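Q: The structure is given below, and queries will be raised subsequently.
Throughout, read-outs are computed from the coordinates displayed, never taken from laboratory work. Computed from a prediction, not measured in an experiment: that's the story for all the values here. When we count neighbours, we look across all protein chains shown, and the Cβ atoms used for this are built from the backbone with ideal geometry, even at glycine.
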Amino acid sequence: MNSDKSPKVVLPPYLNFIYGHIYRRPEKCVSLDNNFLCNLKTFFQYKKLATAAAKEIRRSQAVLQMGVTFGNQIDETAMAIGSYGQYDIIDINQNEVARAIEKYWQVYKGLKIFKQDARTMKTTASYDVVICFMLLSQVPSASKYQIVNNALKMVKPGGKVVFVDWHNPLYWHPLRYLVRMYNRLYHPFVERLWDRDIETYATNEMRGQFSWLKSTYFGRMFQKTVAIRKEDPNKPQEEENFFNGSAFGSVDA
């Protein structure tokens, strides 16, 4: 596709500045939509992470995903939902929406893709599961706060929000400082996920309505944080869910 003929895309300033060389060029996104590259960039953890997210879904549920992804993560999620569920995907980038529609529109029944901003999207619908897959690491802290709280608002009682993203690796991890240096040069928003838990981006009111569980992978370099909305928001957290003074369980997979 000739990028000169592509429709004008308006991206948030932070996204345009850091990732504009990718997201403003549809042909670049097509070339990056490659399972091998996705695995290479995640030290061959991509399939494990995509599968971990899909395991949080039951057949025929209503699922919202915030952000179009590269690789086969969308395929894994769609197969977990099945033919009779609802799978809505939103993305702020019209180029990415158009690419995903072209790729998937004839493949999965019940899959719909829309141009929406995950920070400000409002809907009367509620979902069984909301997925943020490698999204928070691409946005600044203020946007992390908006996205986390907006995602939490979207789920039904008993529903869950699934965050899969980078995490603070173990101090002895052989790749820790190489990854930190690389991220500071090319992915400056990742390190905020080293500094604080995803739970802490939720307001106190929203945080208390959920039970939180965190699993980590590859020497804690990646995480899956699951927020499960309580059926009764006034019910206290189960005592065994507390970890270091917060409602977190943590295990390295």
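Q: Taking a cut-off of 23 Å between Cα atoms, list the lysines near LYS48, but don't count ones fewer than 8 places away on the same chain.
A: Once the sequence-local lysines are set aside, what remains near LYS48 is LYS103, LYS160, LYS214, LYS224.
Q: Given contacts defined as C-alpha pairs under 8 Å and at least six residues apart, what's the relative contact order of the chain, whole-number percent?
A: Value for the chain: 15 percent.
Q: So if R0 is 22 Å, what FRET efficiency would LYS153 and VAL10 give, r being the distance between their Cβ atoms, rounded to the nearest 0.05?
A: So, using R0 = 22 Å, E works out to roughly 0.30.
Q: Right, next: Name the chymotrypsin sites (Phe, Trp or Tyr not before Pro) in region 141-179 that are in a loop by DSSP and that have at most 12 other C-beta atoms within 10 Å, would you?
A: Answer in residue order: TYR171, TRP172.
Q: To continue, here is another question. Apply the Karplus parameterisation 6.51 cos²θ - 1.76 cosθ + 1.60, with θ equal to phi minus 60°, to every residue of region 77-93 and state each ³J(HN,Hα) to the nearest whole Hz, in sequence, with x for glycine and proline.
A: 5, 4, 5, 5, 6, x, 6, 10, x, 10, 10, 9, 10, 10, 8, 7, 9
Q: Shifting gears a bit: Say R0 is 35 Å: what FRET efficiency, to the nearest 0.05, do HIS173 and SER31 get from their beta-carbon distance?
A: In this case the efficiency is close to 0.75.
Q: Any idea how far apart SER83 and LEU185 come out in nm if each label point goes 7 Å out from Cα toward Cβ?
A: For the pair SER83/LEU185, the computed spacing is 5.0 nm.
Q: Next question, about the same structure. In nanometres, what is the gap between the two model label sites at THR200 and LYS41, each 7 Å from Cα along Cα-to-Cβ?
A: It works out to 2.7 nm between the two label points.
Q: Over the chain, what is the percentage of antiparallel beta bridges among all DSSP beta bridges, to the nearest 5?
A: Roughly 40 percent of the beta bridges in the chain run antiparallel, per DSSP.
Q: From the backbone phi of region 11-18, what are the Karplus-calculated ³J(HN,Hα) couplings (6.51 cos²θ - 1.76 cosθ + 1.60, θ = phi - 60°) in whole Hz, Gly and Pro given as x?
A: Once rounded to whole Hz, the list reads 10, x, x, 5, 6, 5, 6, 8.
Q: Then there's this: Whose amide H sits under 5 Å from the amide H of ILE113, counting only residues 5 or more places off or on another chain, with H placed in the peptide plane?
A: Under 5 Å from the amide H of ILE113: ILE89.
Q: Then there is this: Could you list the trypsin sites (Lys or Arg not before Pro) in region 74-119 that lie in coil according to DSSP, counting only those with at most 13 other Cβ atoms within 10 Å of their Cβ?
A: Passing sites in region 74-119 are LYS109.
Q: Summing Lys, Arg as +1 and Asp, Glu as -1, what charge do residues with Cβ under 12 Å from the Cβ of PRO140 carry, PRO140 excluded?
A: My count for the surroundings of PRO140 gives +2.
Q: Can you compute 3J(HN,Hα) from phi for each residue in region 108-117, using the Karplus curve 6.51 cos²θ - 1.76 cosθ + 1.60 with θ = phi - 60°, rounded to whole Hz and x for Gly and Pro?
A: 10, 5, x, 8, 10, 10, 10, 8, 8, 9
Q: Then there is this: If each of SER60 and LYS103 carries a label point 7 Å out from its Cα toward its Cβ, how far apart are those two points in nm?
A: Spacing of the two 7 Å Cα→Cβ label points: 2.9 nm.
Q: Give the residue list of GluC sites (Glu not before Pro) in region 46-148 that are DSSP loop and have at most 12 other beta-carbon atoms within 10 angstrom.
A: Filter output for region 46-148: empty list.
Q: Right, another one. Rounded to the nearest 500, what is the 222 nm mean residue ellipticity of the chain from helices alone, with -39500 (n - 2.57) per DSSP H run of 4+ residues and division by all residues?
A: Roughly -9500 deg cm²/dmol at 222 nm, from the helical runs in the chain.
Q: Now, a different point. Looking only at Cα atoms, what is the convex hull volume of the chain per residue, in Å³?
A: 127 Å³
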